[in-house]
Each structure stands twice: as C-alpha cells, then as structure tokens.
Amino acid sequence: MNLLPIRYWSPEGEKARASPGTFDVDLNPTLYGQLGDALAERGRAKEAVDAYRRSLSLHPDATVSKRLGILLRELGRFDDAVEALREALATLPEAHGYNALGLVLMETNKLDEAIVAFQTGLRLENLPYINFNLGNAYKRLGRHSEASQAYEAAIALQPDYELPRFGILMDQLRIVHETVEEIQQRRDNYERTLNDLAARYRAAGEEKRARVAQSVEMPTPFLLPYHGRNDRELQKTYGELVHGLMRAGYPQWTTPRPVPPPGPNGKLRLGLISSSFYGHTVWKLMLRGWLQSLDRDRFEVFCYHTGRRRDVATTWAVQNSDKFVQGPFRIEEWAQRIDADQLHAIIFPEIGIHAWTMGIASLRLAPVQMACWGHPETTGLPTVDCFLSSDLMEPADGQDWYTERLVRLPNLGIHYVPLTVKPAGLTRQDIAGLAGQDISVAADETLFICCQSLFKYLPQHDDVFPRIAKEVGPSKFIFIRERDSQHATETFFRRLEASFGSMGRDYRDHCVLLPRLTLPQFLAVCAASDVFLDSVGWSGGNTSLETIAFNVPLVTWPGEAMRGRHTMAFLRRMGIEEMIAGSKDEFIQIAARLGREPAFRAQMSERIAANKHKLYRDEAPVRALEDLILREVETALGAA
C-alpha cells in the first residue's frame with residue numbers, strides 16, 4: 001500500500017492544477033512536470049505519464065522520475081515503475097523513493113528485494129509507514145515474528161497510526177498450516193486480536209473513527225474461511241467493525257438510500273462492483289454470464305472495476321455494459337461516482353478478496369445490495385442484504401453460515417459460459433518438465449490433478465494422497481505452487497513428505513509441483529490428466545468446470561458448507577452420482593477405482609461428455625435473479 005499521496009505542491013503547480021494544458025510548455029521541463037502533477041491529480045494518469053516522460057526527455061530530474069515511478073505503479077506497469085524509481089534513487093536516495101520501490105517489487109513478488117528496499121529507506125529515515133510495508137513483505141515470506149516486530153515498530157513511532165494494527169490482525173491468519181492444532185491456535189489468536197481491535201474503536205470518539213476510515217483501506221480476512229469452520233460470528237464482528245468506521249468517515253453514504261425513479265426508458269439500473277473484470281475466476285463464473293444474459297429491456301448494467309488489471313475480458317466488459325468505470329480511485333471518489341448513477345441495486349460478486357471492494361460494500365450506495373459466491377463466505381456487513389448462492393450447492397442448514405439473507409438461485413446459480421481457449425500442446429513428459437524436477441511420468445502411471453490453491457488443502461486430509469497411491473500403484477499427483485509465498489509451498493510439501501513417509505513411501509515418487517501456469521498450459525494439464533481429485537472442504541469451482549470440459553472424471557467428498565460442495569453440484573446437475581463420496585474412505589475408494597480401472601474411467605468420461613452441456617448457459621438462475629431484484633426494489637420502495 002502506498003501511503004504517499006501523489007501530490008506535490010508549488011505555486012506554479014497550483015496554477016497547473018487549476019487549468020492543466022494551458023501553458024506554453026514547449027521545451028520547459030519544469031512546466032511539463034507540473035502539468036504531469038495536475039493531470040495525475042485529475043485522474044488522467046496516462047496523459048500524466050506522457051507529460052513526465054516529456055519533462056525527463058528535456059532534463060533528467062530525480063523528483064520527476066520518482067513521481068513517474070509512483071504513477072506507473074498505480075497503472076500496474078511495474079517493470080517501467082522499477083526502472084523509473086531506480087533511476088531516481090541513483091541520484092536522489094531518500095526514504096520515500098525506497099518505499100515506493102519496495103512496493104513495486106512486492107507487486108511483482110520480488111519480496112527479498114522489496115525488503116532490502118524498505119530497509120534501505122528506513123536507514124535513511126525511520127518512518128512508520130515504511131515499517132508497516134516491511135511488515136507486509138515479511139508476512140508474505142512467512143517470517144511472521146519479523147513482521148510483528150515491524151508492525152510494532154510502526155506503532156511505537158506513531159501510536160495513532162492504525163494500519164499496522166490491521167496488519168497484526170491479518171497476520172494471525174496463515175496461508176498454509178503445519179497441523180490441525182495450529183489452525184485452532186491461529187483462529188483463537190485472530191478472534192482475540194479482532195475483539196481487542198473492535199473494543200479499541202468502540203471506545204474511540206467519532207472523530208478518531210472517521211480518521212481511521214479515511215486513512216485505511218479496509219483489509220479482508222481472506223484466509224479465514226479456508227479453516228473449514230463456520231465463520232458467521234467472526235465475520236459479523238469484523239463487518240460491524242468496518243461498517244462502524246466507515247459510518248463515521250462517510251456518514252452521507254451509510255444511511256438507507258431512497259429508491260430512485262427508473263430511467264426514461266423504464267429500466268432499473270443495476271451495478272456490478274468487482275475487482276475481477278478480467279480473466280479471473282469470478283469473471284468466468286459470474287460476471288461474464290450476467291453481462292451476456294441479463295435482460296437489457298429491463299435493466300441497464302453499470303460496471304465498476306475496482307482493480308487495475310485489464311485484458312481482453314475487460315475490453316469485452318466495456319463493450320457489453322451500459323457504463324464501465326475503472327479506477328484506481330479512493331473510497332470517497334468511488335462512492336461519489338456510484339452514488340451519482342442512482343442505482344437501484346448493486347451486486348458484489350465477491351467481497352473478501354480486494355480491500356477496495358470491502359470498503360465500498362460497507363457503504364450504502366443503493367437501496368438493494370447483494371453479495372455472491374465469488375468468495376463463498378458471509379461478509380458480516382450490515383449493508384449487504386442478500387447472499388446469492390446455488391440451490392444445488394447449499395446444505396439444508398445453509399442460512400446458518402450467513403449474516404445476510406440467503407437466496408438459493410436455481411441449479412448452479414450462475415450462467416456459465418465455457419472457455420474457448422485451446423490448451424497448449426504439451427505431452428505428459430512436457431508437463432513433468434515444467435516442474436523443473438528430475439522426474440518422469442511413465443505411460444502406465446495414473447495422473448491425478450490436484451490443481452487448487454494450496455491453502456485449500458487442510459492437514460487433516462493429507463493422508464488421502466498416500467492412501468490413494470497405495471491402492472493404485474504407479475501414480476502422480478500434480479500440485480501447483482502457491483502464487484505469493486514460497487514459504488507456504490514449502491510448508492505444504494513438508495506435510496506431504498511426512499504423510500507419505502508415515503506409510504513407508506517417498507513423496508518425491510508421487511508428487512509433482514508445477515509453477516504457476518498460463519491458461520493454455522493449465523488446460524493442457526487438465527486434458528492430460530486421468531482423474532481430477534477435488535480438494536476436501538473447499539471444492540473446486542472454476543477449476544472443476546475447466547477440467548470437466550475435457551471429460552476428465554472427478555471425485556469429490558462434499559463438505560459441510562456451500563464452498564465445499566461445488567463439484568458435487570456439477571456432478572448432480574449432470575446426473576452422475578457415482579463419483580460423489582459420503583466419507584473419506586469412500587473418497588479414497590472411488591479415486592483408487594478410477595485410477596486402477598481404465599474401463600470405469602472411460603465410462604465416467606463418456607457420461608461427462610454426454611451431459612456437461614447441462615452446466616452451460618443456464619438461463620434459469622438469471623431469470624430468477626432478475627425477478628429477485630425487482631421484488632427487492634419494490635420492497636424497498638414500499639418501506640420508504
């Protein structure tokens with residue numbers, strides 16, 4: 001997080017901000033720099049970059065290079081940002097510049113280099129926000145004691161600096177756990193730290209809470225639901241904490257909203273607010289289907305992209321929405337823009353992944369506000385009215401897992417459009433080569449794909465892999481490295497080593513660890529695999545659907561919560577019950593049979609091929625969603 005605002009004051013700069021573009025700036029590097037400042041202030045980032053570059057082409061200036069680097073980071077152009085910041089620091093080494101460099105290096109997962117940059121900055125000037133950013137870098141590396149020390153150092157320097165307190169809270173959660181006992185310990189620590197933080201802000205005055213709201217991007221306890229427990233009460237505590245702060249900071253956007261009149265065309269205005277308007281799982285599962293299938297005779301669709309990434313999916317979303325807005329903006333500007341559009345309803349397809357989305361969702365910007373299962377966890381926010389889920393995925397006691405009113409949309413609850421991307425042309429041995437390990441995959445080996453993020457694999461279920469291997473014989477289990485944490489990957493593989501070792505087997509004979517893959521590479525791995533082994537407790541969603549496209553048999557053991565029942569719902573929708581287990585032992589037996597018996601595997605594959613169309617382009621959930629929005633708006637109108 002960049003705590004330095006992109007603002008640089010000078011009398012000439014004030015004039016530039018008042019009327020950017022009105023100067024005779026030809027061959028004047030100073031005025032080009034001031035023009036860049038003014039454009040950056042107005043959110044015209046690309047034009048600001050051009051102005052800064054023009055200034056630097058006329059006269060090298062470390063300050064302008066630093067401003068350029070900070071702005072390039074905001075635009076997601078990380079390599080260019082590093083180049084500009086290193087150029088600035090070569091002639092003007094100062095703490096703020098090293099902080100900016102460390103932040104960019106963190107964006108590109110160069111965590112060791114980021115730590116060096118932050119430490120260099122701290123030697124020049126011991127600033128609280130650099131200590132905070134250093135703590136974040138240590139946390140991602142799994143160096144939690146050092147992260148805690150950095151957060152505490154930031155607080156010691158500035159006791160009213162609140163971000164490190166949120167850092168300490170989120171540092172109680174881990175990406176991958178060593179043991180089941182550690183999960184409970186981390187959970188207890190998180191609950192205690194959360195209650196202390198909530199008490200701190202309840203005791204604070206309204207002015208103090210407002211300052212916190214206006215200075216803190218509300219982080220999300222993203223890793224909490226991966227414990228496999230019911231988080232309703234913990235999420236309610238955190239949701240009320242966040243909402244209380246935002247209510248103090250932005251009271252104009254936390255009161256109930258009046259229902260605006262329909263537009264001249266009689267349509268209701270629906271907002272989709274997400275950080276995932278690009279080729280993300282949430283885009284594939286929900287956003288694309290809604291944009292493609294919502295009835296535009298009844299609704300205008302406004303899209304608000306809170307993230308920075310763009311790709312061909314973003315372009316498609318722009319073309320298929322009535323209005324498309326992309327940041328980065330601060331919370332206040334997002335609220336102003338969304339409020340000005342007078343929406344009747346908002347859907348957040350995921351709350352809990354991105355800090356900006358969490359902050360916006362804690363405000364009341366439409367009379368009806370709903371969450372969906374892009375992050376299948378209750379938000380705990382009193383500003384979210386409904387949680388959109390799947391009738392096939394929810395257990396009988398599903399409402400007990402949510403603070404929101406649970407809405408079970410028909411079937412899978414989504415309008416899923418299958419991918420048209422072709423897999424890369426990779427053989428089994430090519431796939432083994434991607435691992436960078438000295439391994440081979442023999443023709444007679446069963447290939448199990450275990451492609452979930454590693455935090456979905458809980459230590460109490462590590463035994464399923466060696467038990468399946470024992471039953472099947474020659475076999476390989478394919479895993480994928482954790483994106484942002486080598487420490488988490490190493491922790492998971494220590495667990496596998498212990499689990500296989502307890503059964504007298506060497507995990508290296510069975511486990512293949514792949515790097516993060518491109519989509520064509522990932523699809524090639526799916527297509528080459530014999531069996532999809534679902535993760536227990538948090539089921540595959542998009543990954544299951546992408547593997548089903550290649551008719552690969554799947555085995556699943558449904559969990560207690562909706563998030564552990566995605567693959568079960570897919571199989572039931574296709575009418576294939578044989579690969580749904582009722583216990584861990586049955587899960588292992590089905591997986592082993594699929595591995596041992598090519599004829600059974602082929603039979604299941606043929607049935608998937610004949611029935612997978614039932615998963616695609618289902619209009620029923622969309623029509624039910626439209627009717628729900630109309631009813632909710634009418635109810636809000638009646639309550640006004």
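The values are calculated or read from the model by the stated rules, or taken from the named source; none is laboratory data. Bear in mind that the values here come from a model prediction, so they are computed numbers and not experimental data. All Cβ positions, glycine included, derive from the backbone under ideal geometry; neighbour counts span all protein chains shown.
Among the residues that make up the stretch 112-127, is at least one of them over 30 Å from Y457 (Cβ atoms) and within 23 Å of the chain's Cα centre (by Cα)?
Going residue by residue through the stretch 112-127, those that are over 30 Å from Y457 (Cβ atoms) are 116-127.
Checking which are within 23 Å of the chain's Cα centre (by Cα) leaves us with none.
No: zero hits.
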Check your understanding: What are the residues in the stretch 539-551 that are surrounded by fewer than 24 Cβ atoms within 10 Å (Cβ to Cβ) and either of a type in the set (D, E) or in a loop (DSSP other than H, G, I, E, B) (or both), if any?
Key -> A549, F550, N551
Exercise for review: Quick one: count up the residues across the stretch 509-534 that are basic (K, R) and modelled with pLDDT of 90 or more.
Suggested key: 0
Review point. Based on what the data block shows, is E471 among the acidic types (D, E) and either over 20 Å from E178 (Cα atoms) or not assigned by TED's automatic domain parsing to the domain that holds E586 (or both)?
Key: yes
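Tally time: how many residues in the stretch 406-415 are assigned to a loop (DSSP other than H, G, I, E, B) and closer than 15 Å to R565 by Cβ?
Within the stretch 406-415, residues that are assigned to a loop (DSSP other than H, G, I, E, B) and closer than 15 Å to R565 by Cβ number 4.
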Review point. Within the stretch 265-289, can you find the residues that are free of Cβ contacts under 8 Å to residues at least 40 places away in the same chain and under 16 Å from F302 (Cβ atoms)?
Key: N265, K267
**Study point:** Residue among G537, G582, G575, G564 that alone is modelled with pLDDT under 95, over 22 Å from D444 (Cα atoms) and not aliphatic (A, V, I, L, M)
**Key:** G537
Exercise for review: Inspect all residues belonging to the stretch 93-102 and state whether any of them is more than 27 Å from H487 (Cβ to Cβ) and either assigned to a loop (DSSP other than H, G, I, E, B) or of a type in the set (V, I, T) (or both).
Suggested key: yes
Review point. Being in a helix (DSSP H, G or I), crowded, with 24+ Cβ neighbours inside 10 Å, of a type in the set (F, W, Y) and assigned by TED's automatic domain parsing to the domain that holds S65, is that true of even one residue in the stretch 128-145?
Key: no
Review point. G595 versus (1) more than 21 Å from E445 (Cα to Cα); (2) modelled with pLDDT of 95 or more; (3) among the small types (G, A, S): which is the lone unmet condition?
Key: (1)
Revision key, fill the gap. Here the residues within the stretch 186-206 that are surrounded by fewer than 14 Cβ atoms within 10 Å (Cβ to Cβ) and without any contact (Cβ under 8 Å) to a residue 40 or more places away in the chain are D188, R192, D196, A199, A203, G205
Review point. Which residue pairs have Cβ atoms under 6 Å apart, sit 6 or more places apart or on different chains, and have a first residue in the stretch 407-433 that is closer than 30 Å to E377 by Cα and a second that is modelled with pLDDT under 95 and part of a helix (DSSP H, G or I)?
Key: V421/L519
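So that you can scan it fast, the table gives a plain yes or no per residue for (1) buried (at least 19 other Cβ atoms within 10 Å of the Cβ); (2) within 26 Å of L419 (Cβ to Cβ):
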position: G575; (1), (2): no, yes
position: E586; (1), (2): no, no
position: Q603; (1), (2): no, yes
position: V622; (1), (2): yes, yes
Review point. For residues in the stretch 391-405 being part of a loop (DSSP other than H, G, I, E, B) and charged (D, E, K, R), which is farthest from the chain's Cα centre (by Cα)?
Key: D397
Check your understanding: Inside the stretch 363-393, can you point out the residues that are acidic (D, E) and in contact with a Leu (Cβ under 7 Å, 6 or more places away or on another chain)?
Key -> D391
Check your understanding: Taking the stretch 259-275 as the search range and keeping residues that are touching a Pro at 6+ places or on another chain (Cβ under 7 Å) and either more than 30 Å from F455 (Cβ to Cβ) or part of a loop (DSSP other than H, G, I, E, B) (or both), which one is modelled with the lowest pLDDT?
Key -> V259
Practice item. Using the structure shown, decide if V464 is outside the structural domain of V259 (by TED's automatic domain parsing), touching a Phe, Trp or Tyr at 6+ places or on another chain (Cβ under 8 Å) and not aromatic (F, W, Y). Key: yes
Point to revise | Enumeration of residues in the stretch 367-390 that are within 16 Å of W290 (Cβ to Cβ) and part of a loop (DSSP other than H, G, I, E, B) | key: W373, G374
Revision key, fill the gap. Of those in the stretch 439-488 that are among the basic types (K, R) and under 29 Å from the mean Cα position of the chain (by Cα), the residue farthest from S583 (Cα to Cα) is R483
**Study point:** Checklist (1) farther than 30 Å from S499 by Cα; (2) touching a Ser or Thr at 6+ places or on another chain (Cβ under 6 Å); (3) crowded, with 24+ Cβ neighbours inside 10 Å applied to V176, failing item
**Key:** (1)
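Within the stretch 207-218, which residues are surrounded by fewer than 18 Cβ atoms within 10 Å (Cβ to Cβ) and either modelled with pLDDT of 95 or more or in contact with a helix residue (DSSP H, G or I) (Cβ under 7 Å, 6 or more places away or on another chain) (or both)?
From the stretch 207-218, those surrounded by fewer than 18 Cβ atoms within 10 Å (Cβ to Cβ) are 207-208, 211, 214-215, 217; that's our starting set.
Q214, E217, listed by residue number.
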Practice item. Just name the residue that is surrounded by the fewest Cβ atoms within 10 Å (Cβ to Cβ) out of those in the stretch 335-359 that are assigned to a helix (DSSP H, G or I) and at pLDDT below 95. Key: A355
Point to revise | Elements of type helices (runs of 4 or more DSSP H) in the stretch 151-251, at least 3 residues being under 23 Å from L141 (Cα atoms) | key: 163-170, 180-203
Exercise for review: Test R565 against the stated conditions and say whether it is without any contact (Cβ under 8 Å) to a residue 12 or more places away in the chain and surrounded by 17 or more Cβ atoms within 10 Å (Cβ to Cβ).
Suggested key: no
Point to revise | Lone qualifier among L406, L388 - being surrounded by fewer than 19 Cβ atoms within 10 Å (Cβ to Cβ), aliphatic (A, V, I, L, M) and under 25 Å from T635 (Cα atoms) | key: L406
